[in-house]
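Asker: Take this structure first; my questions come after.
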Amino acid sequence: MREMTFGQAIREALAEEMRRDSRVIIIGEDVAEAGTVFKVLAGLVDEFGPERVIDTPISEAGITGVGVGAAMTGMRPVVDIMFGDFITLAMDQIVNQAAKVHYMSGGKLRVPMVVRTTLGATRRSAAQHSQSLHAWVSHIPGLKVALPSTPADAKGLLTTAIRDDNPVVFYEDKMMYQVKGPVPEGEYVIPFGVADIKRAGTDVTIVATSSMVYVALEAATLLEAAGISAEVVDPRTLYPLDTATLVRSVQKTGRAIVVDEGYMRYGITAEIAAVIADEAFDYLDAPVKRIGAADVPVPFSPVLEDRTVPTAHSVAAAATALCGPASASR
Amino acid sequence: MDIGVRKRATAAGRAQRDQWLDVYRRMLLIRIFEEHVNDLYTGGKMPGLAHLYIGEEAVAVGVCHALRRDDYITSTHRGHGHCLAKGASVDRMFAELLGKEPGYCRGKGGSMHIADPDAGNLGANGIVGGSAGIATGAALSAKLRATDQVAVCFFGDGALNQGLLYEVMNMAALWKLPVIYVCEHNVYGEYTHSSETTAGDPKARPAALGIPSGEVDGQDVRAVYAAAGDHVERARHGGGPGFLLCRTYRFRGHHVGDINRPYRAREEEEGWIRDRDPVRILGGWLAQQRLADAAGLEEIEREVRAEVAAGVQFALAAPYPDPSEVAEDVYA
């Protein structure tokens, strides 16, 4: 299969859906000529014109609100929020408007809108351009949340997001745009709520999201050298969450670590750990371990910032601690 | 004058008369509807909050009279009047206010969230200024779909100080979107006088963005209709957004439970109610123009009272939603 980068896969999904459905529009800051600060959308305005690839003022709440209204009246907007940190500016429109319109109207109105935004630290961008705030929107009934880890998943999940009749917040790790991988040509759809086992294993389940999948895979390689077989499970969507696949994996391994780049406290890792504890308690040989970003504002200095994110070594160390005593007793 | 001309003139006169009688009927419908909301609320039959539109009827009716059924509106927490003016029926409105199954939102929205998309009503909103983006997005959608629909965003003077409004007005001006921002300036944002919250002339704000703005006596439905009509026609024909400041007054409290109202003088309220009642102003004009006599207006009131009473009975008798419906409609 041909290879392309994560960013190219995002762009291909958008282009294909825009060709297929004239209701799909892109709206956001610097999306047209500039193709976004990350260059992900480069060239789309040439094909689809400024009416469908709409450069906006720097007004995140306004952009998102306009997207909600357009979605309610027959369009399928893809709203671009450049940095995930800026979603805070649009929270009323996402949480109180987009997420609730369908329910509040007794099912009569729909908001088929995608909010594309970013997460991920280590770009040396400091505290307001580095956060992974996907837990915020995952908390809200009415929203769906996707966070692909591979170029193929990016294409398949974004296609699904655009076709979904609900508001979807779609997270791309800004450090992954250059990651390469095989991507199917033509229409490629991955249903929401289907986790993907990125690596099969038998001793410990590592549930990892977005770029943390690569951290987990690297940890699995380290663990393999130490004789521990790790299974890496990527939920791919936080809502809907494929609890069945998570539970099946833990039933097999008996141990689980959850790795996510959001802040640890009250975060994604807590939710997934609770799901596993609830539904696979009898199979667990040890408490579920959580690894997230340090509970500090993301610092600028590289030596400080690197201390805040999960690493392959921190994940491998946690897995070794989980498996060690149990392995010894076998 | 030959007979043909006179006949045409008479037909035009009849159309003129019927139009204003219809407007009168609709304003009275809102007034009497809201009086019954007050009674249902104080009688313990309506849960939640009730923000009454009494005193502001000419704004909703005058603006919506200038709209087509397929034009869009977005509304506010004080939204019953907008919904009725855009074509909602009283029985399903009352049912929603009581949280009943046949309500416009099957009991899931309530007073602050009534949506009626069949009539172009994209919903009332519990967030002050929260619907400005939705109205502007609907206008963008109309433009992209190349329809000639327009969108009206109703909001109160309290929303003048929400940033979202200016973000989307800026985009509407840049992109020449068919949206009219209608500010119902009823002098008080909740319990605080606008002079304490709002600097400068509100019209200077759209003016800074190059959006044509106007100010109108919000108690005079004919003036509201004329001013709104100008904005609507311009927007419909590609002329871009407009801003209409309607000077009006909330005859009742912020909500039904706002009884004592220490933030404003009784003389002020009494003056507005005595001299500036929009229903009575139109009724007086109709009589003066000999378009209706007292008996004719009383007949309209009887009919409206019967319609509202039947709506209340419908809602009281209607079933509540089945509790199992709580998890329906979270996702489409």
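Asker: Among the listed residues A:Glu51, A:Glu29, identify the single one that is acidic (Asp, Glu) and surrounded by fewer than 14 Cβ atoms within 10 Å (Cβ to Cβ).
Answerer: A:Glu51
Asker: Could you list, in sequence order, all residues of region A:50-93 that are aromatic (Phe, Trp, Tyr) and free of Cβ contacts under 8 Å to residues at least 60 places away in the same chain?
Answerer: Hit for region A:50-93 is A:Phe86, nothing else.
Asker: Let me ask something additional. Which members of region B:100-123 meet the condition of being more than 9 Å from chain A (Cβ to nearest Cβ) and buried (at least 24 other Cβ atoms within 10 Å of the Cβ)?
Answerer: B:Ser111, B:Asn121
Asker: Let me ask something additional. Looking only at region B:206-232, which residues are under 16 Å from B:Ala173 (Cα atoms) and either surrounded by fewer than 20 Cβ atoms within 10 Å (Cβ to Cβ) or aromatic (Phe, Trp, Tyr) (or both)?
Answerer: B:Ala207, B:Ala208, B:Leu209, B:Gly210, B:Pro212, B:Gly214
Asker: Quick one: what pairs do we get from region B:287-312, first residue over 30 Å from B:Glu96 (Cβ atoms), second charged (D, E, K, R), C-beta under 8 Å, 6+ apart or different chains?
Answerer: Short answer, once both residue conditions are applied: B:Ala287/B:Asp293; B:Leu291/B:Arg17; B:Ala292/B:Arg17.
Asker: So A:Tyr188 clears everything in (1) more than 23 Å from A:Val137 (Cβ to Cβ); (2) touching a helix residue (DSSP H, G or I) at 6+ places or on another chain (Cβ under 6 Å); (3) outside any loop (DSSP other than H, G, I, E, B) except one condition, right? Which one?
Answerer: Evaluating A:Tyr188 over (1) more than 23 Å from A:Val137 (Cβ to Cβ); (2) touching a helix residue (DSSP H, G or I) at 6+ places or on another chain (Cβ under 6 Å); (3) outside any loop (DSSP other than H, G, I, E, B) leaves (3) as the failure.
Asker: Of all residues being on the phi < 0 side of the Ramachandran plot and under 15 Å from the mean Cα position of the chain (by Cα) in region A:205-215, which is surrounded by the most Cβ atoms within 10 Å (Cβ to Cβ)? Just the residue, please.
Answerer: Taking the candidates together, the pick is A:Met212.
Asker: How many residues, within region A:64-86, are outside any helix (DSSP H, G or I) and either at the interface with chain B (Cβ under 7 Å from one of its Cβ atoms) or not basic (Lys, Arg) (or both)?
Answerer: Total satisfying the criteria: 10.
Condition check ((1) more than 18 Å from the chain's Cα centre (by Cα); (2) among the charged types (D, E, K, R); (3) under 22 Å from A:Leu14 (Cα atoms)) across all residues:
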site	(1), (2), (3)
A:Met75	yes, no, yes
A:Asp80	no, yes, yes
A:Asn96	yes, no, no
A:Pro112	yes, no, yes
A:Ala121	no, no, no
A:Ser132	no, no, no
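Asker: Of these, A:Asp21, A:Asp80, A:Asp46, A:Asp92, which one is surrounded by fewer than 23 Cβ atoms within 10 Å (Cβ to Cβ) and in contact with a strand residue (DSSP E or B) (Cβ under 8 Å, 6 or more places away or on another chain)?
Answerer: Selected residue: A:Asp21, the only one of A:Asp21, A:Asp80, A:Asp46, A:Asp92 that is surrounded by fewer than 23 Cβ atoms within 10 Å (Cβ to Cβ) and in contact with a strand residue (DSSP E or B) (Cβ under 8 Å, 6 or more places away or on another chain).
Asker: Would you mention how many residues in region B:280-291 are closer than 16 Å to B:Gln19 by Cβ and within 18 Å of the chain's Cα centre (by Cα)?
Answerer: Selection size over region B:280-291: 1.
Asker: It is to be established whether one or more residues within region A:181-200 are touching a Leu at 6+ places or on another chain (Cβ under 8 Å) and touching a residue at least 60 places away in the same chain (Cβ under 8 Å).
Answerer: Within region A:181-200, none of the residues are touching a Leu at 6+ places or on another chain (Cβ under 8 Å) and touching a residue at least 60 places away in the same chain (Cβ under 8 Å).
Asker: How about region A:8-55: which of its residues are under 21 Å from A:Gly69 (Cβ atoms) and of a type in the set (S, T, N, Q)?
Answerer: Listed by number, the list holds a single entry, A:Ser22.
Asker: Among the residues of region A:19-63, write down those that are among the aromatic types (Phe, Trp, Tyr) and either in a helix (DSSP H, G or I) or within 12 Å of chain B (Cβ to nearest Cβ) (or both).
Answerer: A:Phe48
Asker: Within region A:102-158, work out how many residues are assigned to a loop (DSSP other than H, G, I, E, B), within 14 Å of another protein chain (Cβ to nearest Cβ) and not polar (S, T, N, Q).
Answerer: 13
Asker: Then there is this: Return yes or no: is B:Gly240 part of a loop (DSSP other than H, G, I, E, B) and over 20 Å from B:Leu28 (Cα atoms)?
Answerer: The answer is yes for B:Gly240.
Asker: May I pose another question? Working only within region B:58-92, note down all residues that are touching a His at 6+ places or on another chain (Cβ under 7 Å), crowded, with 24+ Cβ neighbours inside 10 Å and either within 14 Å of chain A (Cβ to nearest Cβ) or of a type in the set (A, V, I, L, M) (or both).
Answerer: B:Ala60, B:Ile73, B:Ser75, listed by residue number.
Asker: I need a count of the residues in region A:256-266 that are crowded, with 24+ Cβ neighbours inside 10 Å and charged (D, E, K, R).
Answerer: Matching residues across region A:256-266 total 2.
Asker: Hey, any hits in region A:161-170 for a residue that's within 14 Å of chain B (Cβ to nearest Cβ), small (Gly, Ala, Ser) and assigned to a helix (DSSP H, G or I)?
Answerer: Looking through region A:161-170, at least one residue is within 14 Å of chain B (Cβ to nearest Cβ), small (Gly, Ala, Ser) and assigned to a helix (DSSP H, G or I).
Asker: In addition: Search region B:1-34 for residues being surrounded by 15 or more Cβ atoms within 10 Å (Cβ to Cβ) and either charged (D, E, K, R) or modelled with pLDDT under 95 (or both), and hand back the single one that is farthest from B:Gly55 (Cα to Cα).
Answerer: B:Arg17
Asker: Any residue at all in region A:197-204 that's crowded, with 18+ Cβ neighbours inside 10 Å and assigned to a helix (DSSP H, G or I)?
Answerer: No.
The values are calculated or read from the model by the stated rules, or taken from the named source; none is laboratory data. Keep in mind that this is a model prediction, so the values were computed, not measured. Glycine gets a Cβ as well: all are built from the backbone with ideal geometry, and neighbour counts include every protein chain shown.
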